[in-house]
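Notes for the one structure printed next.
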Amino acid sequence: MSHLIHIAAAAYRYPSGRCVGPFDLDVGAGEFVVLAGRTGSGKSTLARMVVGLAQRHGHGEVTGVVAVAGRDPEALSGPERVRTLGFVPQEVDDCVLAGTCAGEVAFALESAGLAASGVGTALDRVGLGGFEQRDPLDLSGGERQRLAIAAALAADPRVLVLDEPLSQLDPEGAHAIVSTLRQLANAGVAVVLVEHRLGLLGCADRIVYLGPAPEPVPMFHVEHGASGEVLLALRGVGFSHDGSKGVDGLDLAVRRGERVAVVGGNGAGKSTLIGLLSGRLRPGSGDVLGVTRRMEVPQNADLVLFSATAAREVAYAADERGRDPNPALLDAFGLAGLEARAPQSLSRGQRLRLAVAAMVAAEPGVLLLDEAGSGQDAESLARLFQAVWAGSETAVFASHDPELVAAWASRVVWMDGGRIREDAPVASSGWLTARASVAPAEVSPRSAGEGRAGLDARLRLALVALLGLLVVLVDGTAVLGLLAVALVGAAVVHPKARPFRRGLVLGTVLVAWSTAFSQSVFWSDWPRTPLLSLGPVTFWREGAMHGLAQSTRFIAVTAAGLLLALSTPTDELVTALRTRVAGRGLPWALVVMVAAMVRFVPLVAMEWGTVRRARRARGRPMWRRTPWAWLGLEVALLRPVVARCVRRARMLAESLESRGFDPASPRGVARPLTWRRLDTLVAAVAGITALAMVTARTLYGLYAADIWYDADLRPLYAYVRALL
């Protein structure tokens with residue numbers, strides 16, 4: 001058997017001095033190998049070494065031999081890389097660039113110069129057929145993992161490396177993906193899978209343990225005592241995501257002393273239910289009733305860590321309430337010895353356990369955990385839940401793991417299609433019974449995908465550019481104000497603007513008010529008319545109007561750009577930006593940078609809100625602080641946001657390279673844009689309108705400069721003077 005992967009005495013030394021390895025591993029064509037071991041044993045590092053990312057992007061030192069298909073993976077060109085290697089990283093959320101699922105999958109095909117027909121095939125393989133036009137950020141965590149697998153499979157690589165791709169998949173989905181991987185191995189692909197859930201991997205050829213093989217960890221089943229008063233309740237609650245169906249008609253009560261497991265398939269509504277219970281999401285209908293403090297650890301636990309050290313993180317809530325911190329809490333969660341480490345410098349699993357510990361330290365009435373077992377080995381998982389139950393009397397947790405649910409839950413709430421299908425004690429749960437008989441299955445395609453919707457991305461770019469030109473030509477404050485209000489209103493009502501609508505409105509008002517105020521105070525041109533006098537300060541009408549005109553110009557262009565970002569999928573924007581103008585197109589590196597900014601700036605705004613909610617949940621209100629203490633805390637809250645941005649930039653760079661991106665190499669367009677009749681009509685109307693306004697301004701300018709005057713154009717001159 002030929003070895004597609006050959007590793008000999010390979011090791012990686014981190015800048016801190018810690019070393020993992022040396023590793024020796026050979027994987028042949030058609031072999032399905034699982035890498036297992038405790039958290040921190042080097043599984044992810046070895047996976048990154050196989051695909052050449054540790055060598056090219058790591059700051060440490062790689063020693064030994066790593067060869068893939070007889071080549072050094074670090075030296076592969078973009079097209080060679082995607083045809084040879086497919087890679088699914090551990091943190092898939094930070095690797096999504098495209099605005100549609102089809103665009104995400106097509107990226108590797110474009111790198112290899114392959115046809116777009118492979119997009120549908122790759123999505124069908126992972127059960128996402130029909131998701132072509134869906135925004136990846138609107139998918140559930142498990143669905144995004146499937147999408148990352150589809151993107152890795154698209155170019156039919158000879159070697160497939162996956163780092164914990166099953167962590168957020170439901171049992172049926174996990175079995176189906178494993179079955180697909182087995183089929184790929186049978187077809188000659190070398191498959192290397194990093195995974196903790198070894199019970200799903202009976203069809204693998206072998207399991208390679210990094211470090212000693214772990215001994216079975218007993219799952220300490222909780223004692224289910226009598227439940228008490230109702231602490232949280234949902235009454236006929238409904239909620240939708242960006243206009244699409246979320247959950248509907250939810251009735252649920254959480255009582256004191258209960259351990260409620262929320263289960264169900266990917267996209268069934270588990271995270272939405274957790275968000276509604278925590279108060280993070282506001283219901284579109286129905287009522288959420290609560291008589292206790294609620295603490296949520298979201299899927300992205302990084303955003304609830306904002307202190308300078310791990311010790312300060314778990315002590316924050318106690319300090320805010322004037323109590324002594326619990327010194328044993330870090331040890332209970334398996335974090336002993338990390339007291340002085342910065343939270344954002346810890347490993348993914350450690351960050352998650354620290355986030356849970358910080359919420360437990362706040363002594364919540366109800367603790368809510370969204371996939372808290374993700375990325376944890378068996379020992380760490382058992383330790384985490386033992387610590388949770390020791391520190392929190394009532395908890396609700398979302399999970400896909402039947403063993404975890406059977407061991408730690410007293411009650412199971414089964415979500416299906418946005419509704420509660422079953423609410424039963426764990427001993428009689430139909431979900432657990434059904435999971436016990438789950439067998440590997442083929443992934444079945446979903447419904448047919450939707451076509452492209454809306455205006456062509458090239459036309460949208462042209463309209464924004466045209467708007468920028470027109471707001472410079474127009475001087476009329478009333479017209480500029482109406483234009484700004486219309487564009488801001490359109491941005492505010494867009495479904496994707498929901499998380500930052502309030503900030504958008506407040507920011508618009510603040511920009512307009514501050515500019516008009518400052519200009520009205522310092523206006524010095526004559527003639528000028530007093531608008532208001534307050535003691536020695538006079539506010540001038542001409543200055544206020546000038547300030548409003550300038551601010552509304554800025555607001556209009558900014559709102560138009562925001563609408564473009566909200567409504568245009570990033571992959572279409574990339575294709576539009578690459579359109580040749582005067583025989584040349586923008587450089588690929590610049591195009592990708594612009595697309596990344598458009599994609600991730602709104603995410604940063606939402607993440608900032610998550611950090612602030614976590615601080616409010618664990619601390620005192622802001623009004624109970626001195627101004628200096630408030631300012632210091634606001635600056636400190638930037639830690640997780642900045643850390644997320646840095647980590648996302650690194651992960652995105654690695655993702656682009658693993659999918660064959662090379663700014664110096666030509667790329668194909670797997671999904672070209674299509675110009676339609678509606679685009680022609682809109683372009684004609686916009687062009688005629690712009691031409692008319694430019695003509696009118698030009699004629700008025702000639703008249704005002706005493707260069708040329710036509711008496712028949714007097715109505716036009718009056719119109720321009722009054723409105724433009």
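The values are calculated or read from the model by the stated rules, or taken from the named source; none is laboratory data. Since this is a predicted model, take the numbers as computed values, not measurements. Don't worry about glycine lacking a Cβ; one is built from the backbone with ideal geometry, like all the others, and counts go over all protein chains shown.
Descriptive notes on the structure:
- Matching residues in segment 598-631 - criterion: being free of Cβ contacts under 8 Å to residues at least 12 places away in the same chain and farther than 24 Å from Gly275 by Cβ: Trp623, Arg624, Arg625, Thr626, Pro627, Trp628, Ala629, Trp630, Leu631
- Boolean, Val262 is part of a strand (DSSP E or B) and either aromatic (Phe, Trp, Tyr) or within 13 Å of Asp370 (Cβ to Cβ) (or both): yes
- Residue within segment 198-208 that is of a type in the set (Val, Ile, Thr) and either within 21 Å of Arg83 (Cα to Cα) or in a helix (DSSP H, G or I) (or both) present: no
- Residue in segment 118-141 that is assigned to a loop (DSSP other than H, G, I, E, B) and closer than 22 Å to Leu35 by Cα present: yes
- Residue in segment 534-544 that is within 30 Å of Pro136 (Cα to Cα), touching a helix residue (DSSP H, G or I) at 6+ places or on another chain (Cβ under 8 Å) and assigned by TED's automatic domain parsing to the domain that holds Leu469 present: no
- Residues located in segment 696-716, provided they are among the aromatic types (Phe, Trp, Tyr) and under 15 Å from Leu473 (Cα atoms): Tyr700
- Candidate set from segment 354-373 (those that are out of contact with any His (no Cβ under 9 Å at 6 or more places or on another chain) and assigned to a loop (DSSP other than H, G, I, E, B)); member that is surrounded by the most Cβ atoms within 10 Å (Cβ to Cβ): Ala372
- Long-range neighbours under 6 Å by Cβ, at least six apart or interchain, first residue without any contact (Cβ under 8 Å) to a residue 12 or more places away in the chain and surrounded by fewer than 20 Cβ atoms within 10 Å (Cβ to Cβ) within segment 414-431, second part of a strand (DSSP E or B) and not β-branched (Val, Ile, Thr): Glu422/Trp414
- Test: residue in segment 336-353 that is touching a helix residue (DSSP H, G or I) at 6+ places or on another chain (Cβ under 6 Å), closer than 26 Å to Thr292 by Cβ and either buried (at least 24 other Cβ atoms within 10 Å of the Cβ) or in contact (Cβ under 8 Å) with a residue 40 or more places away in the chain (or both): yes
- Every listed requirement among (1) touching a residue at least 12 places away in the same chain (Cβ under 8 Å); (2) assigned to a helix (DSSP H, G or I); (3) within 25 Å of Gly585 (Cα to Cα) is met by Thr680 save one, (1).
- Screening Leu573 on (1) touching a helix residue (DSSP H, G or I) at 6+ places or on another chain (Cβ under 9 Å); (2) closer than 30 Å to Ser665 by Cα; (3) surrounded by fewer than 18 Cβ atoms within 10 Å (Cβ to Cβ) shows it passes everything except condition (3).
- Qualifying residue in segment 547-562 (condition: under 29 Å from Phe306 (Cα atoms) and surrounded by fewer than 18 Cβ atoms within 10 Å (Cβ to Cβ)): no
- Residues in segment 661-705 that are surrounded by 12 or more Cβ atoms within 10 Å (Cβ to Cβ), of a type in the set (Gly, Ala, Ser) and within 28 Å of Ala718 (Cβ to Cβ): Ala686, Gly687, Ala690, Ala696, Gly701, Ala704.
- For segment 622-631, a residue qualifies if it is in a helix (DSSP H, G or I) and surrounded by 12 or more Cβ atoms within 10 Å (Cβ to Cβ), and the qualifying residues are Met622, Ala629, Trp630.
- Of all residues in segment 34-63, those that are free of Cβ contacts under 8 Å to residues at least 60 places away in the same chain have Cβ atoms under 6 Å from Cβ atoms of residues that are of a type in the set (Lys, Arg), 6 or more apart or on another chain, in Ala54/Arg48; Gly60/Arg13; Glu61/Arg13.
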